[in-house]
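The values are calculated or read from the model by the stated rules, or taken from the named source; none is laboratory data. Owing to the predicted nature of the structure, the values given are computational and were not obtained by experimental measurement. No Cβ is skipped: glycine too gets one built from the backbone with ideal geometry, and neighbour counts run over all protein chains shown.
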Amino acid sequence: MLGNLLRRRRVVGLDIGSGSIKALALEGRGTDVTITGLGSAPVAAETQAQQVNQAIHLAMADAGADGEPVIAAVGGPEVVIRQVTLPPLPPSRIIPALEMQYRELGLLAPDESVLDAQILRQSKDDSTNEILSVSVPRGLVDERTQQLKQASVNLQMLDVEPLAILNGALELTGMESGELLVVVNIGRQNSVLCLFSEQGPVVARYLDVGAEAFTEQIRVAFQLSPYSTETFTRTIAPAEAPKAEAACREVVERMAEDIRLSLTFYRTEYDRESLPRYALGGWADIPYIGRWLADRLGLSAPFEIMDPLQAHEVRAPSMGDTPRLPGPQFLQAFGLALRGL
């Protein structure tokens, strides 16, 4: 037992995003977690497979992890996450039971999907189990697996994007009893919204608003070139913030309305009592976006920013010539790496 507590474990999370590839290496000893490698490489929407493979290896090399086993993820609106109630069953019989009831449970057909499940909690009288089930189209799994195989990546585990994000968020926020966690991870083209409390299930939604929607509005409002927009967006001066907010008002309202409706549904169906706690990750590079969303939702404080590079010790080597991305963009890679510790 003592040997296991003192043994160092190293795990690599690989986030293959629409705007960039991110790799993050974690080293754990006991309950202590240290970030020992970071890497990233940009990818454009039209990037060919060979260039994506090169970007994966660049990110892995920058993280000092090229050739190491990785934990990666699949995601998208087609992924179905459900909490279902089943009678007590041996673990080996849970997935067959879900496959038999897939229509009633709203899961994908077994011959078209990959299904996984875990027991969340037992009822007090042991008469039922609450099961978290995840159903992923087989085509998505095959596509990601083939992509990693072509890039000669040693795949240790394939996770699901919303659960990896939530896993990282739970670690960074230190969610407490009586809280309802509302997590928004802003992607390049869309965003992931996760809601979770001890009283209810995991609910995940993909929002059709991402960082590009914000930066495009700012580019037009300030008459910027496409090449300077992202740098300008990260460094908006306080005097220019009202103009930027006005430019992004419609986009912020769309995102806030999705959050508002999803939270209302969660509180109505699962948990009326827990106190919502709002946290933001991903492409949260606009300094005021957490405040803008909070204002639209009527909150008294901005969203918490989830930054694994601020929350944990970083003993990572230099990333060479690659500029380091802001810490919140590593949230998913961080959550993936945590799976292996």
If the Cβ limit is 6 Å and pairs must be 6+ apart or interchain, which residue in the range 39-65 that is not assigned by TED's automatic domain parsing to the domain that holds residue 26 pairs with which residue that is crowded, with 18+ Cβ neighbours inside 10 Å and not in a helix (DSSP H, G or I)?
-> none
Taking the range 32-58 only, how many residues are part of a loop (DSSP other than H, G, I, E, B), more than 22 Å from the chain's Cα centre (by Cα) and not charged (D, E, K, R)?
-> 2
Go through (1) more than 18 Å from the chain's Cα centre (by Cα); (2) closer than 30 Å to residue 52 by Cα; (3) buried (at least 16 other Cβ atoms within 10 Å of the Cβ) one by one and return the number of the condition residue 161 breaks.
-> (1)
Output the number of residues of the range 230-255 satisfying the condition of being more than 15 Å from residue 297 (Cβ to Cβ), of a type in the set (A, V, I, L, M) and either assigned to a helix (DSSP H, G or I) or not assigned by TED's automatic domain parsing to the domain that holds residue 284 (or both).
-> 5
With the checklist (1) out of contact with any strand residue (DSSP E or B) (no Cβ under 9 Å at 6 or more places or on another chain); (2) surrounded by 15 or more Cβ atoms within 10 Å (Cβ to Cβ); (3) of a type outside the set (Lys, Arg) in hand, flag the one item residue 126 doesn't pass.
-> (2)
Among residues belonging to the range 167-214 that are of a type in the set (S, T, N, Q) and not in a strand (DSSP E or B), point out the one that is surrounded by the fewest Cβ atoms within 10 Å (Cβ to Cβ).
-> 177
Of these, 287, 238, 308, 276, which one is farther than 30 Å from residue 57 by Cα, touching a helix residue (DSSP H, G or I) at 6+ places or on another chain (Cβ under 7 Å) and not hydroxyl-bearing (Ser, Thr, Tyr)?
-> 276
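Take the conditions over 22 Å from residue 83 (Cβ atoms), outside the structural domain of residue 330 (by TED's automatic domain parsing), in a loop (DSSP other than H, G, I, E, B) and charged (D, E, K, R) and apply them to residue 219. Does it pass? Give the steps one after another, and end with the answer.
Numbers: over 22 Å from residue 83 (Cβ atoms): yes; outside the structural domain of residue 330 (by TED's automatic domain parsing): yes; in a loop (DSSP other than H, G, I, E, B): no; charged (D, E, K, R): yes.
No: the conditions fail for residue 219.
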Picking from 98, 115, which residue would you name as being more than 30 Å from residue 305 (Cβ to Cβ), without any contact (Cβ under 8 Å) to a residue 60 or more places away in the chain, in contact with a Ser or Thr (Cβ under 6 Å, 6 or more places away or on another chain) and assigned to a helix (DSSP H, G or I)?
-> 98
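A quick yes/no check of all residues on (1) more than 30 Å from residue 131 (Cα to Cα); (2) buried (at least 18 other Cβ atoms within 10 Å of the Cβ); (3) touching a residue at least 24 places away in the same chain (Cβ under 8 Å):
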residue: 33; (1), (2), (3): no, yes, yes
residue: 77; (1), (2), (3): no, no, yes
residue: 80; (1), (2), (3): no, yes, yes
residue: 90; (1), (2), (3): no, no, no
Within the range 75-106, count every residue that is modelled with pLDDT of 90 or more and either in the same structural domain as residue 336 (by TED's automatic domain parsing) or under 30 Å from residue 18 (Cα atoms) (or both).
-> 9
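Across the range 260-275, which residue is surrounded by the fewest Cβ atoms within 10 Å (Cβ to Cβ) among those that are among the aliphatic types (A, V, I, L, M) and part of a helix (DSSP H, G or I)? Reasoning before the result, please.
The initial filter retains those residues of the range 260-275 that are among the aliphatic types (A, V, I, L, M), namely 261, 263, 275.
Subset that is part of a helix (DSSP H, G or I): 261, 263.
Working: 261: 11, 263: 18.
Checked the range 260-275; the qualifying residue surrounded by the fewest Cβ atoms within 10 Å (Cβ to Cβ) is 261.
Please go through the range 109-122 and give me each residue that is more than 12 Å from residue 94 (Cα to Cα) and touching an Asp or Glu at 6+ places or on another chain (Cβ under 8 Å), ordered by number. So that I can check it myself, show each step before the final result.
Step one: of the range 109-122, the residues more than 12 Å from residue 94 (Cα to Cα) are 109-114, 120-122.
If the condition is that a residue be more than 12 Å from residue 94 (Cα to Cα) and touching an Asp or Glu at 6+ places or on another chain (Cβ under 8 Å), then 110, 120, 121, 122 are the ones that fit.
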Might you let me know whether the range 59-76 holds any residue that is assigned to a helix (DSSP H, G or I), among the hydrophobic types (A, V, I, L, M, F, W, C) and either in contact with a helix residue (DSSP H, G or I) (Cβ under 7 Å, 6 or more places away or on another chain) or farther than 17 Å from residue 336 by Cα (or both)?
-> yes
Can you tell me which residues in the range 276-296 are free of Cβ contacts under 8 Å to residues at least 60 places away in the same chain, part of a helix (DSSP H, G or I) and in contact with a Pro (Cβ under 9 Å, 6 or more places away or on another chain)?
-> 290, 291, 292, 294, 295
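So is residue 169 modelled with pLDDT of 95 or more and of a type outside the set (Asp, Glu) or not?
On the way: modelled with pLDDT of 95 or more: yes; of a type outside the set (Asp, Glu): yes.
Considered against the rule, which asks whether it is modelled with pLDDT of 95 or more and of a type outside the set (Asp, Glu), residue 169 comes out as yes.
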